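All of the numbers you see were taken from the coordinates with simple rules; none came from a lab. The structure presented is a predicted model; accordingly, all values stated were derived computationally and were not measured. Every residue, glycine as well, gets a Cβ built from its backbone with ideal geometry; the counts of neighbours run over all protein chains shown.
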Amino acid sequence: MGIAYKYRIYPSAREVAVIEHQLDHCRWLYNAALEQRITAHKAMGKSISYRNQQDELPSIRADYPEFKNIHSQVLQNILRRIDNSFQNFYRRLKQGEKSGFPRFKGKDHFDSRCYPQSGFRINGNKVELSKIGNIKVKWHRPIEGIIKTCTIKRSGKHWHVIFSCIIPRAVKKKVVCSAIGIDLGLESFVTLSNGDQIANPKHLKKNEERLKAVQSRYSLKKSKSAKKELCSLHRKISNQRNDFVHKTSRKLVNQFDLVVYEDLDIKKMVEGRYAKSIHDAGWGKFIGLIRYKAESAGSYAKSVNPYHTSQTCSNCGTLVKKEIHQRWHNCPVCGLSLHRDHNAAINILKSGTDAVFSDAPSALPRGGSLYNCRHNG
Ligand SMILES: [Zn+2]
């Protein structure tokens, strides 16, 4: 399992010039290697391997001294990228699909380069990049796990460094002593089975509202400035959302040994009219992070079928039908009265704990019941 950590970096004008110069050369190599493969395929139906192309790198570096200033693994990584897209191309052909060759890259479509193993080092508040320099980083969140690769990426006017990391699985699974069910909603981002609600951050909400306005402005007149505004807003929202889901998932996983959530694909089907809602992106990422963080902490994350979770009374099991606008659950049989999302979260927790303990009896706390434990939802 891998996870990416992205940080803004502040290269100096000189460093930007160096990176852009290198990107240009990387793009040249990419296009040249691509052309070689396409020609071989067209002329002789032959495929050139990654190995073949990699073996040519030393002579390219000898003939074109500019390439000596680029870390060798960065160049190898470009050939890997070509290799991957060709493997996909061949696979599609094999499956009888119509498939075009991978595309040549224009100047605006080649904006990242990657150190796959070495050539980079974290150095206090900077990242040291081989053949580029020491660049200041804004570490807004700690990195977790073992860093595998380091990518430098241009997005508009800004630059970022992206570390892809793996977190080793915890060797030993925990005994579940605290559990929580979560209901993903539109009103609050999540409602917990203990009744707590976590709202979407205000600044994120505001920007999402703004996005709608900017989007409609852009679709009216497709001006360059509107497009620029749209891109930068998209980026901003994605960063803010990222930050929020990272923090929230970390908090839940630290606090609870078991987190039960709804199966998102089924949820979308059940609530058909919300499919493709702007919330999807945040929800998917959030659940992915919970699973990931739980895995590495040796705790549990379990998905359950969301069908009827909001309609069933979490106290007595009676089906209490409600329309989507009815925000309160009032049970005519047992008298339970609480927010509908809170009711749903309790149902989610119940079906999840039962499933986890039947799959993994070793997760059961001493005494055999989670319900004896402290602070479960
Ligand atoms: Zn009831």
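Taking label points 7 Å from Cα along the Cα-to-Cβ direction, Leu186 and Ser155 give a separation of 2.7 nm.
Counting only residues at least eight positions apart within a chain, or on another chain, the aspartates and glutamates with an alpha carbon under 17 Å from that of Lys138 are Glu15, Glu128, Asp243.
Over the stretch 85-131, the Kirkwood radius and the radius of gyration, each from Cα atoms, give a ratio Rg/Rh of 1.24. If Lys and Arg each add +1 and Asp and Glu each add -1, what is the summed charge of the other residues whose beta carbon sits under 14 Å from the beta carbon of Ser49? Surrounding charge for Ser49 is +1. Overall shape: prolate for the stretch 21-161, with the ratio a/c of the largest to smallest alpha carbon gyration tensor axis at 1.5 or above and a/b above b/c.
In order along the stretch 350-359, the Karplus-derived 3J(HN,Hα) couplings, from 6.51 cos²θ - 1.76 cosθ + 1.60 at θ = phi - 60°, round to 4, 5, x, 5, 4, 5, 5, 6, 7, 6 Hz, and Gly and Pro are given as x.
Multiplying the residue separation of Arg103 and Ser49 by 0.36 nm and removing their Cα-Cα distance gives an extension gain of 17.7 nm.
For the chain, relative contact order (Cα pairs under 8 Å, six or more residues apart, normalised by length) works out to 17 percent. For the chain, the spread of Cα positions along the three principal axes, ordered from largest to smallest, is 83, 55, 51 Å. Full extension of the segment from Cys316 to Asn125, taken as 0.36 nm per residue of separation minus the current Cα-Cα distance, would add 63.2 nm.
If one takes the longest principal axis of the Cα atoms in the chain, at what angle in degrees, from 0 to 90 and to the nearest 10, does the Cα axis of helix 202-220 lie? In the chain, helix 202-220 runs at an angle near 60 degrees to the longest axis.
Helix 13-44 and the longest principal axis of the Cα set of the chain meet at an angle near 80°. Peptides 286-294, 138-146 ranked from most to least packed, by the mean per-residue count of other Cβ atoms within 10 Å: 286-294, 138-146.
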